[in-house]
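Q: Sharing a structure here in structure tokens format.
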Amino acid sequence: MAQLLQHLINGIAAGTIYALVALGYTMVYGVLKLINFAHGDVMMVGVYMGYSTAFLLGRQTQSTPWGVLVIFLVAMAGCALMGFLIERFAYRPLRDKPRLTALITAIGISFALSYGFQLDIGFLPGSAPRAFPQIIKPAQWFTVGDPEFPDVVLWNWQVISLMLAVGLMVGLQYLVYRTRFGRAMRAVSFDHRVAALMGIPTDRVISLTFMIGSALAAGAGLLYAIKDTSVSPLMGLYVGLKAFVAAVIGGIGNVPGAMVGGLLLGLVEEFVVGYAASTWRDAVAFGFLILVLLVRPGGLFGRVAAEKV
Amino acid sequence: MRRFAPMLLTAFALFAAGCEKKSQPAPSGEGGQAAQPAAAGGAPADSNTILLGQVGSLTGAQATFGVSTRNGIELAIKQANDAGGVKGKKIAVRVYDNQSKPEEAAQATTRLITQDKVVIILGDVASSNSLAMAEKAQSAGVPMITPASTNPSVTEKGEYIFRICFIDPFQGFVMAKFAREHLKAEQVAILQDNKSAYSIGLTDVFQGKFTELGGKITTLESYSQGDTDFRAQLTAIKKTKPQAIYVPGYYSDVGIIARQARELGLMVPLMGGDGWDSEKLFELAGNALDGSYFSNHYSPENPEPHVQKFIAQYKAAYGSVPDALAALGYDAARVAIAAIERARDLSGPAIRDAIAQTQDFQGVAGTISLDKNRNAVKSAAILKVGDGKAQFVTTINP
């Protein structure tokens, strides 16, 4: 029982990160119908930005709440800028080309970032994994059993991550459905040429969507690095793929769907590893994806839209 | 992700092919000479240089392994050249990176054999990579020495493959013995890396020996190299209340495992093998590994004069204390150079025979005698982690 509870906590903590990264996929897909495969690598760059900021602040082991806020803001702003540049120079020129073209560019950017960051020149970090500084001092918020040898541990950062993720999801939902910008986003998503005719600044809306998505990625990446205490140039490929699966399970383009997909995937993986074997993790995770797609082709929360021919 | 790998490999191959022409002349350590065309297959292009080859993990998950080994090899070659070279010729080494991947290692080995025509190949640290290399070296008849691959199957690839370190069964044996006799542990859990031949090899022997000595393995959990969340396995391990956990993995994973174990309230010592040996381990683990033990090839605290002399020279050259892989790289290069000196000519079979005769060779990581299976017979050091470094505890003999 205690073990089940611990697996539940671990699974939610892992799923939260997937969910946050998946939000970025979902937003970009929702507006552009583009799967931004570079999303995970933008996340990785964000983590390195946070890493460098933490060291510049000189608090290598733990930070004050303000320090943490600065680290998050710098990483998120940096990634927003990067998201803008990637969209402006890699995707915008291809917007009216076949959709496959932009997808291939996205894969190209993904590899350029993850392998570029393995170079060891100048500010680039080299390929070895690094320990991520403990910017949130770990504290046990809740334990069951002997305090020296607890059966169940709930950590402060797990709660913080979950609250942050839920908060961001609610905020996004509000942004998309209750604001002028959100309405513009949905209009661009529906048909960006007609939206432009209606006087919506399509390019600006798309740029902003990318920037928000990338900033979210940076935030999620930092939570991930805090959770797993390490950072490496290839982390984005792995997390990005998993988050993409989470977004598809939930119904890509759907904000609460990304959240639920992420949490489900995290829990499935945790239980598979905890009760079966880690070798099964990816097989079961992707099997789960196939199962969901067979039963509900649009994902759990998605609608299958009949495409007009 | 997997299906992009072939695309990527192709791109790298094209890139490498493009660079070929530029990197061909002047192996390191050699002045500008009129390049003579290679007269016959097998002879190096430059007749005044004997070229060795190294394939190592210079980047990727085990990057410190390859870099340390390379430093050790370079130091040995520099000393040999300063002492007048071998057979009146200078020695040089050509190094290729395998990005910690077996497929890259195999490719690089083929390049060393067919294009660079090296006389000896010095292998990688990770057994999975050396296995891929051994295949190529054996079929081409080029002798290969691996400095630190401890998986038994590496030298089983054939009579051209040697190693100057002990093998996994020995490390698993040593740790099982240590756990039973020194730690008095009765119940031990194992967390193995099921993607690495090294980890599986150590696990098998540890499990057998520990049970044979009267201990009990509470559970065997596994992870895959590169994972960063080990909480599920550790939670399952915690339930079985072990007195220690055997984690025969590589430092990049072990550091994270240790942190997460402590975080989940698992305070028992961890035990491991030489895959732990890296300064990065302490950076990744923080103080989570204090009180843990691992078996290793050598300890820089060993007071023997020739060991201390090597440490001083290495420090002067690279500014850091050599880890075991630097020491083994150094030893491997010296064994190779000594064999070239003894060999009647530079052909593969001649050098092979010379390496096979290596007996009582004094290396910094122990005295090397090769047995009939081309494995070195030597003792292991047990190190204890504390205060951000590894302290020498004891030596266990075969």
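Q: Compute, for the stretch B:191-250, the length of the dipole vector about the Cα centre, with Cβ point charges of +1 (Lys, Arg) and -1 (Asp, Glu) only. Units Debye, rounded to 20.
A: Using Cβ point charges on Lys, Arg, Asp and Glu, the stretch B:191-250 gives about 280 debye.
Q: Measure off 7 Å from each Cα along the Cα-to-Cβ vector at residue A:123 and residue B:211, then give the distance between these two points in nanometres to one decimal.
A: Going by the 7 Å Cα→Cβ label model, 5.5 nm.
Q: Under 24 Å Cα to Cα from residue A:33, which lysines show up? Leave out anything in the same chain fewer than 8 places away.
A: Once the sequence-local lysines are set aside, what remains near residue A:33 is A:97, A:242, A:308.
Q: Distance in nm between label sites at residue B:239 and residue B:183, each 7 Å beyond Cα in the beta-carbon direction?
A: 2.2
Q: Let me ask something else. As a quick test, which of the pairs B:101/B:315; A:227/B:238; B:101/B:195; A:137/A:227; B:90/B:117; B:177/B:309 have an alpha carbon distance above 22 angstrom in this structure?
A: As for pairs spanning more than 22 Å Cα to Cα, those are B:101/B:315; B:177/B:309.
Q: Please work out the FRET efficiency for the pair residue B:347 and residue B:306, using the Cβ-Cβ distance as r and a Förster radius of 30 Å; give the result to the nearest 0.05.
A: For R0 = 30 Å, the calculated efficiency reads 0.40.
Q: Further, regarding this structure: Shape call for the stretch A:98-213 from the C-alpha gyration tensor, a ≥ b ≥ c root eigenvalues: rounded (a/c under 1.5), prolate (a/b greater than b/c) or oblate?
A: Verdict is oblate for the stretch A:98-213.
Q: In peptide A:269-278, what is the residue-averaged number of other protein chain Cβ atoms found within 10 Å of each Cβ?
A: Neighbouring Cβ atoms belonging to other protein chains average 5 per residue here.
Q: Sorted by packing (mean other beta-carbon atoms within 10 Å per residue), highest first, where do B:369-378, B:150-159, B:386-395 land? Working shown, then result.
A: Values: B:369-378: 17.0, B:150-159: 20.3, B:386-395: 14.6.
Highest-to-lowest ranking by the protection proxy: B:150-159, B:369-378, B:386-395.
Q: Dipole magnitude of chain A about its Cα centre, charges +1 at Lys/Arg Cβ and -1 at Asp/Glu Cβ only, in debye to the nearest 20?
A: That gives a dipole near 1220 debye.
Q: Charges only on Cβ, +1 for Lys and Arg, -1 for Asp and Glu: so what's the dipole of the stretch B:238-304 about the Cα centre, in debye to the nearest 20?
A: Computed charge dipole of the stretch B:238-304: roughly 600 debye.
Q: Label points 7 Å out from Cα along the Cβ direction at residue B:159 and residue A:303: separation in nm?
A: 7.6
Q: Okay, moving on. Where only protein heavy atoms count, and the probe is 1.4 Å, what is the accessible area per residue for the protein assembly as shown in Å²?
A: 41
Q: Would you check the accessible area of residue B:280, probe 1.4 Å, heavy atoms only, in square angstrom rounded to 10?
A: 50
Q: Continuing with the same structure: Using only protein heavy atoms and a 1.4 Å probe, how much accessible area in total is buried between A and B, to the nearest 100 Å²? It would help to have the intermediate numbers written out before the result.
A: Details: alone 15420 and 16430 Å², together 28680 Å².
Using a 1.4 Å probe on protein heavy atoms, the buried area is about 3200 Å².
Q: Can you pull the percent of the protein assembly as shown's accessible area that's carbon plus sulfur, 1.4 Å probe, other chains left in place?
A: Of all accessible area on the protein assembly as shown, carbon and sulfur atoms account for 61 percent.
Q: Have a look at the stretch B:217-232 and report residues whose accessible surface goes down by 50 Å² or more when the remaining protein chains are included, against the chain on its own, probe 1.4 Å, ligands and DNA/RNA excluded.
A: Residues passing the criterion (a loss of at least 50 Å², heavy atoms only) are B:228, B:229, B:231, B:232.
Q: Looking at chain A, do any whole DSSP H helices span at least 27 angstrom along their long axis by alpha carbon and average 1.0 or above on Kyte-Doolittle, and which?
A: Span-like helices here: A:2-32, A:65-86, A:156-178, A:255-275.
Q: To continue, here is another question. State the answer as a single residue: which of B:268, A:238, A:27 lies farthest towards the positive end of the charge dipole of the protein assembly as shown, with beta carbon charges of +1 for Lys and Arg and -1 for Asp and Glu, about the Cα centre.
A: The residue sitting farthest along the positive end of the dipole is A:27.
Q: Another one. Any chance you could give the angle, 0 to 90 degrees and rounded to 10, that helix B:102-111 forms with the longest Cα principal axis of chain B?
A: With rounding to tens, the tilt is 10 degrees.
Q: Rounded to the nearest 10 degrees, what's the angle between the helix B:251-263 long axis and the longest principal axis of chain B, both from Cα atoms, 0 to 90?
A: Compared with the principal axis, the helix lies near 10 degrees.
Q: Work from the charge dipole of the stretch B:219-312 (Cβ charges, +1 for Lys and Arg, -1 for Asp and Glu, about the Cα centre) and give the residue of B:281, B:222, B:232 farthest towards its positive end.
A: B:232
Q: In addition: Please compute the length gained on full extension between residue B:82 and residue B:379, using 0.36 nm multiplied by the number of residues separating them and subtracting their Cα-Cα distance.
A: So the chain would gain 103.8 nm between residue B:82 and residue B:379.
Q: Round to the nearest 10 and give me the degree value, 0 to 90, for the angle of helix B:63-82's Cα axis relative to the longest principal axis of chain B.
A: The angle comes out at about 40 degrees.
The values are calculated or read from the model by the stated rules, or taken from the named source; none is laboratory data. Since the model is a prediction, treat every value here as computed from it, not as a measurement. Reconstructed Cβ throughout: ideal geometry from the backbone, glycine too, with neighbour counts over all protein chains shown. These accessible areas exclude ligands, DNA and RNA; they are computed on the full protein's heavy atoms, side chains included. Shrake-Rupley method; radii C 1.70, N 1.55, O 1.52, S 1.80 Å.
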